[in-house]
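Asks: Before I ask anything, here is the structure I am working with.
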Amino acid sequence: MGFHYDKDRDGIVTVTMDMDGPVNTMNTAFTGLFETTIDRLEAEAGLTGVIFASAKKTFFAGGDLKMLVAVEPGSENEFFRGVEYTKALLRRLEALPVPTVAAINGAALGGGFELCLCCNHRIAWNDRSVKIGFPEVTLGLLPGGGGTVRLTHMLGLQAAMPYLTEGKQVRPDRARADGLIQETVEDLRDLLPRAKAWIVDNPNAVTQPWDQKGHRIPGGGSNSPKVAPMIAVGSAMLFEKTRGRLPAPERILDTMVEAARLDFDTAQRIESRNFTSLVTHPVAKNMITTFFFQLNQVNGGASRPDGVPPSSVKRLGIIGAGMMGQGIANVAAHAGIDVVLKDISLEAAQRGKAYSEKVFGKRVKRGKMTPEGMQAAMDRITPTAQLADLDGCDLIIEAVFEKVSLKDQIVKESEGCLSADGFWGSNTSTLPITRLAQSSSSPERFVGLHFFSPVDKMPLLEIVVGEKTSDETLARAFDFARQIRKTPIVVEDALGFYTSRTIGTHLTESVQLVAEGVSPARIEGLARGLLYPTSPLALNDEVSLRLGLEIFDSQVAAGLRRAEDDPTPEGTAVLRAMVEDLDRPGRYAGSGFYDYDDSGKRLWSGLSRWRKADVDLSDADIEDRLLFRPVLETLRCLEEGVLRSVADANIGSIMGIGAPVWTGGYLQFLNTYGLKKFQARCEALAERFGPRFAPPRILIAHAESGEAFR
């Protein structure tokens with residue numbers, strides 16, 4: 001393992017990177033290997049060219065995130081010097097007196113693409129497995145190995161912005177069209193021969209564009225009349241998206257502006273400083289921890305029972321062709337599964353199938369699906385009103401209205417259609433799986449499969465384990481989730497499970513604030529400032545005010561909760577007035593907290609009836625109430641054993657219920673906020689606003705021990 005150095009008889013050296021581990025990464029081992037290689041190349045007699053290639057399936061995976069997340073405040077100077085040292089080595093590569101080529105056989109992302117940019121020519125295998133770009137911003141970072149400065153010099157500020165501030169990643173054909181690479185090959189076997197041929201044909205192509213005399217950045221520098229206004233507009237647009245909560249996009253734009261104003265090497269140092277400041281920032285630590293390490297942990301099967309062989313679903317039955325059922329049918333057919341979509345009438349089932357035609361049609365228009373692929377996926381969906389058509393299904397998912405008696409009836413009528421080893425999944429968002437499984441003749445083969453709407457866009461699947469759900473059924477449910485390309489979290493059975501229970505606290509707290517007289521516009525604005533993807537009153541409308549009340553009332557009627565234990569009774573009273581007295585049940589009816597028409601939505605002026613001029617609440621109080629309620633509920637779910645792992649909590653909160661991305665998820669947020677600080681703030685909130693903000697025992701124990709939530 002290491003860097004393999006091979007010189008052919010024409011004087012061309014091929015450096016094949018094959019570092020320890022599954023991928024090549026930019027870490028201290030890379031620095032040593034790369035320095036040794038550059039020393040050897042600079043001393044090589046008869047050198048005519050250099051090719052950088054990879055022995056891995058990926059070309060180069062980028063920076064070592066374990067190393068980056070371990071960098072602590074106080075070590076900035078040492079880290080900065082290390083970054084500058086690595087960048088000096090990359091500049092030595094650019095200074096070689098022979099042409100250099102990056103032969104890209106797999107993903108070249110982040111630091112991997114920075115290495116490619118240091119070569120005079122870039123050739124990639126034109127395969128779907130190959131991605132090119134800079135994803136650093138999605139982890140709270142910026143390309144710190146020279147990528148921000150080099151891409152700005154190469155493409156110009158405007159063209160480079162989507163790749164740097166948004167983390168855009170593209171396939172080789174698009175990368176070539178946009179100027180990130182110069183060539184593609186259709187056959188992997190042609191990659192190295194083509195690289196050598198280019199070197200032979202271009203012996204004098206040895207100077208990078210930014211090192212050439214008279215070089216100008218495409219589109220102009222920062223002070224040019226055309227670019228300066230674009231920078232001002234871009235800065236305003238970034239702040240509208242980040243609200244100061246996500247520092248990386250702003251630091252990236254700052255670095256780009258400096259790159260277009262200063263000389264190349266000075267801009268490189270500014271890039272290093274900005275990179276260093278982000279590496280030690282809490283947001284980067286949150287995002288790296290959750291979106292890389294914990295996401296890999298969840299998708300890798302940390303919650304899947306051991307000892308159960310892998311499985312797949314070949315024939316899927318879905319009962320209920322409404323919003324959820326049609327979405328499940330769509331993702332399953334797209335994954336290659338034969339689907340039987342049943343409803344009470346053939347017409348209703350056909351309408352459910354038509355949804356997939358609409359979704360697939362959009363994919364075809366965007367070039368993400370071929371017409372042939374669309375037809376094949378559509379052919380996999382069989383709409384029906386006949387129960388017998390479900391015979392032989394490996395899995396049947398019931399996706400009907402949240403009513404226990406209806407779900408019981410469907411299980412009893414349809415369970416016999418399962419294959420001999422088939423299992424049953426209930427798509428419920430709140431009803432206890434153990435209770436629903438009582439109607440099953442095989443409760444060990446009964447599991448909750450809580451999808452999120454719209455199913456074709458939402459990446460999460462919450463798998464709910466009932467008291468009698470077997471490990472084999474759980475494992476098969478997990479495998480099905482991965483088969484349809486969903487990220488599965490596993491939770492124990494409880495009222496509302498994890499996601500519905502937790503998002504409910506955020507929604508009810510916003511209505512409680514309305515009841516206390518806070519301006520609805522202020523509530524929505526502060527929530528957007530926290531970077532919630534949808535503000536809470538608008539989300540109440542989307543979910544349906546009527547549905548929220550019906551769930552509350554049905555749970556009380558079933559003895560699953562007590563009305564007198566409602567932590568926000570004034571808010572519940574507002575909901576009841578909105579639905580029962582004012583007939584404003586939510587967006588589906590065109591009226592809720594907002595009015596809806598063809599021009600958009602506006603907060604309903606009638607909400608002024610709850611306004612109070614003398615409300616004594618600071619912005620910080622409102623923000624913390626909206627954010628802390630779901631954080632506290634997540635802690636309680638962990639304490640009660642509803643959540644099996646911290647990773648499931650963080651991934652579930654981000655992907656399922658819209659926790660702000662800068663938090664890294666509701667439990668990761670605590671680690672960088674400070675456990676004792678959070679406990680003290682909760683105690684202050686509880687004293688003023690009630691026991692729903694009281695810190696649970698698990699928080700107090702972690703705060704006392706100093707143990708982070710991992």
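The values are calculated or read from the model by the stated rules, or taken from the named source; none is laboratory data. Worth saying up front: this structure is predicted, and the values here are computed from it rather than measured. Glycine gets a Cβ as well: all are built from the backbone with ideal geometry, and neighbour counts include every protein chain shown. Please note that ligands, DNA and RNA were not included when accessible areas were found on the heavy atoms of the full protein model with its side chains. Shrake-Rupley method; radii C 1.70, N 1.55, O 1.52, S 1.80 Å.
Asks: Which residues, taken from segment 350-385, are small (Gly, Ala, Ser) and touching a Lys or Arg at 6+ places or on another chain (Cβ under 8 Å)?
Replies: If the condition is that a residue be small (Gly, Ala, Ser) and touching a Lys or Arg at 6+ places or on another chain (Cβ under 8 Å), then Ala385 is the only one that fits.
Asks: Could I ask something else about it? Determine whether Ala573 is surrounded by fewer than 19 Cβ atoms within 10 Å (Cβ to Cβ), in contact with a helix residue (DSSP H, G or I) (Cβ under 9 Å, 6 or more places away or on another chain), among the aliphatic types (A, V, I, L, M) and closer than 15 Å to Val514 by Cβ.
Replies: Here the answer is yes, as Ala573 does meet what is asked.
Asks: Inspect all residues belonging to segment 401-417 and state whether any of them is outside any helix (DSSP H, G or I) and open to solvent by less than 40 Å² (accessible area, probe 1.4 Å).
Replies: no
Asks: Which numbered condition trips up Lys457, out of (1) touching a residue at least 12 places away in the same chain (Cβ under 8 Å); (2) open to solvent by 10 Å² or more (accessible area, probe 1.4 Å)?
Replies: That leaves (1) as the condition not met.
Asks: Follow-up question, since we're still on this one. Just name the residue that is farthest from Pro172 (Cα to Cα) out of those in segment 99-121 that are part of a strand (DSSP E or B) and open to solvent by less than 10 Å² (accessible area, probe 1.4 Å).
Replies: That would be Thr100.
Asks: Moving to a separate point now. State whether one or more residues within segment 130-145 are over 25 Å from the mean Cα position of the chain (by Cα) and either open to solvent by 50 Å² or more (accessible area, probe 1.4 Å) or modelled with pLDDT of 95 or more (or both).
Replies: Scanning segment 130-145, I find no residue that is over 25 Å from the mean Cα position of the chain (by Cα) and either open to solvent by 50 Å² or more (accessible area, probe 1.4 Å) or modelled with pLDDT of 95 or more (or both), so the answer is no.
Asks: What pairs come up if the first residue lies in segment 362-377 and is more than 19 Å from Asp338 (Cα to Cα) and free of Cβ contacts under 8 Å to residues at least 60 places away in the same chain, the second is among the β-branched types (Val, Ile, Thr) and part of a loop (DSSP other than H, G, I, E, B), and their beta carbons are under 8 Å apart, counting only those six or more places apart or on different chains?
Replies: As it stands, the answer is Val364/Thr370, since those pairs meet every condition given.
Asks: Considering segment 334-374 alone, what residues qualify as being open to solvent by less than 30 Å² (accessible area, probe 1.4 Å), touching a strand residue (DSSP E or B) at 6+ places or on another chain (Cβ under 9 Å) and not in a helix (DSSP H, G or I)?
Replies: Ile337, Val339, Val340, Leu341
Asks: Another question about this same structure. Quick check: is even one residue across segment 642-661 open to solvent by 20 Å² or more (accessible area, probe 1.4 Å), over 20 Å from the mean Cα position of the chain (by Cα) and more than 19 Å from Ala703 (Cα to Cα)?
Replies: Taking every residue of segment 642-661 in turn, at least one turns out to be open to solvent by 20 Å² or more (accessible area, probe 1.4 Å), over 20 Å from the mean Cα position of the chain (by Cα) and more than 19 Å from Ala703 (Cα to Cα).
Asks: Leu603 - would you say it is out of contact with any strand residue (DSSP E or B) (no Cβ under 7 Å at 6 or more places or on another chain) and open to solvent by less than 100 Å² (accessible area, probe 1.4 Å)?
Replies: no
Asks: Tell me, which residue of segment 379-399 that is outside any strand (DSSP E or B) and either on the phi > 0 side of the Ramachandran plot or within 28 Å of the chain's Cα centre (by Cα) (or both) is surrounded by the most Cβ atoms within 10 Å (Cβ to Cβ)?
Replies: Once the filter is applied, the top-ranked residue is Ala399.
Asks: Ok, one more. Using beta carbons and a limit of 8 Å, which pairs, at least six apart or on different chains, have the first residue in segment 422-445 and closer than 16 Å to Ile318 by Cα and the second one surrounded by fewer than 20 Cβ atoms within 10 Å (Cβ to Cβ) and modelled with pLDDT of 95 or more?
Replies: Trp424/Glu415; Trp424/Ser440; Trp424/Ser442
Asks: What number of residues within segment 418-436 are more than 29 Å from the chain's Cα centre (by Cα) and open to solvent by 10 Å² or more (accessible area, probe 1.4 Å)?
Replies: 6
Asks: I would also like to ask the following. Kindly list the number of the only condition in (1) closer than 19 Å to Thr148 by Cα; (2) open to solvent by 70 Å² or more (accessible area, probe 1.4 Å); (3) of a type in the set (Phe, Trp, Tyr) that fails for Phe275.
Replies: For Phe275, the failing item is (2).
Asks: Right, here's the next one. How about segment 529-554: which of its residues are buried (at least 18 other Cβ atoms within 10 Å of the Cβ), more than 16 Å from Tyr588 (Cα to Cα) and over 24 Å from the mean Cα position of the chain (by Cα)?
Replies: Within segment 529-554, Ile551, Phe552 qualify.
Asks: Now for a separate question. Are there any pairs with C-beta distances below 9 angstrom linking a residue in segment 326-350 that is basic (Lys, Arg) to a residue that is part of a loop (DSSP other than H, G, I, E, B) and surrounded by 22 or more Cβ atoms within 10 Å (Cβ to Cβ), with the two at least 6 apart or on different chains, and if so which?
Replies: Lys342/Gly320; Lys342/Ala321
Asks: Still on this structure, I have one more. With Val574, Val556 as the choices, which residue is of a type in the set (Val, Ile, Thr) and at pLDDT 90 or above?
Replies: Checking each option against the conditions leaves just Val574.
Asks: For the list (1) in a helix (DSSP H, G or I); (2) open to solvent by 10 Å² or more (accessible area, probe 1.4 Å); (3) touching a residue at least 12 places away in the same chain (Cβ under 8 Å), I need the number of the one condition that Asn296 fails.
Replies: Failing condition for Asn296: (3).
Asks: Another question about this same structure. Taking helices (runs of 4 or more DSSP H) that do not extend beyond segment 1-97, which have at least 3 residues that are farther than 18 Å from Cys119 by Cα, under 33 Å from the mean Cα position of the chain (by Cα) and free of Cβ contacts under 8 Å to residues at least 60 places away in the same chain?
Replies: Fully inside segment 1-97 and qualifying: 76-94.
Asks: Could you please find all residues in segment 257-272 being in a helix (DSSP H, G or I) and open to solvent by 20 Å² or more (accessible area, probe 1.4 Å)?
Replies: Result: Val257, Glu258, Asp265, Thr266, Arg269, Ile270.
Asks: Further question: Just checking: which of the helices (runs of 4 or more DSSP H) contained wholly in segment 492-548 hold 1 or more residues that are more than 29 Å from Ile433 (Cα to Cα) and without any contact (Cβ under 8 Å) to a residue 40 or more places away in the chain?
Replies: Output list reads 520-529.
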